[in-house]
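Asker: Quick one: this structure, given as structure tokens, is what I'll be asking you about.
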Amino acid sequence: MKARGLKTSLYPHQLQGLRWMVEAEHRTLPQEPDDEPVMLYVARKDARGGRYWYHMGLRESTRRPPPLPRGGILSDGMGLGKTLQVCREWQHGAHLAAHVRFAGRCPDHQRLR
């Protein structure tokens, strides 16, 4: 069974939600001390310049990149198009999986139309 693409455009608020969902599926750890925290992790450097991650909530640090959770809860109000957003996210996820499987690389997930 082959999935067909949606034939409707998303409104700006739906695109914003879709971007949020894609970013929540593909989180990356901060790499430099000036980068924004991600899931309460900040990047830090030791005296020799080695990188480690510090969790601001747990007050613990690790040199191994910690696993980040994927996903989130899309909780827009009724009638704002959550179903369409989720369908587009599934479509985007299937596109990423096919691209990784066949091309061996992942496209830029920031390009959402």
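The values are calculated or read from the model by the stated rules, or taken from the named source; none is laboratory data. Everything quoted here is computed from the prediction, not taken from an experiment. Cβ: placed from backbone, ideal geometry, glycine included. Neighbour counts: every protein chain shown.
Asker: Just checking, does region 72-91 include any residue being touching a strand residue (DSSP E or B) at 6+ places or on another chain (Cβ under 9 Å), under 30 Å from residue 11 (Cα atoms) and hydrophobic (A, V, I, L, M, F, W, C)?
Answerer: No, that holds for no residue.
Asker: Of all residues in region 49-61, count the ones that are surrounded by 10 or more Cβ atoms within 10 Å (Cβ to Cβ) and either outside any loop (DSSP other than H, G, I, E, B) or at pLDDT below 95 (or both).
Answerer: The total comes to 7.
Asker: Given the conditions (1) touching a residue at least 40 places away in the same chain (Cβ under 8 Å); (2) in a helix (DSSP H, G or I), report the number of the one that residue 16 does not fulfil.
Answerer: Unmet for residue 16, out of (1) touching a residue at least 40 places away in the same chain (Cβ under 8 Å); (2) in a helix (DSSP H, G or I): (1).
Asker: Assuming residue 64 fulfils every condition listed in (1) closer than 30 Å to residue 90 by Cα; (2) not in a helix (DSSP H, G or I) apart from one, which condition is it?
Answerer: (1)
Asker: Here is a list of conditions, (1) surrounded by 10 or more Cβ atoms within 10 Å (Cβ to Cβ); (2) at pLDDT 95 or above; (3) under 19 Å from the mean Cα position of the chain (by Cα), and residue 36 meets all of them except one; can you say which number that is?
Answerer: (1)
Asker: I'd like the full set of residues that are touching a helix residue (DSSP H, G or I) at 6+ places or on another chain (Cβ under 9 Å) and in a helix (DSSP H, G or I), limited to region 21-42.
Answerer: Taking region 21-42 as the starting set, the residues that turn out to be touching a helix residue (DSSP H, G or I) at 6+ places or on another chain (Cβ under 9 Å) are 21-22, 25-26.
Within region 21-42, 21, 22, 25 qualify.
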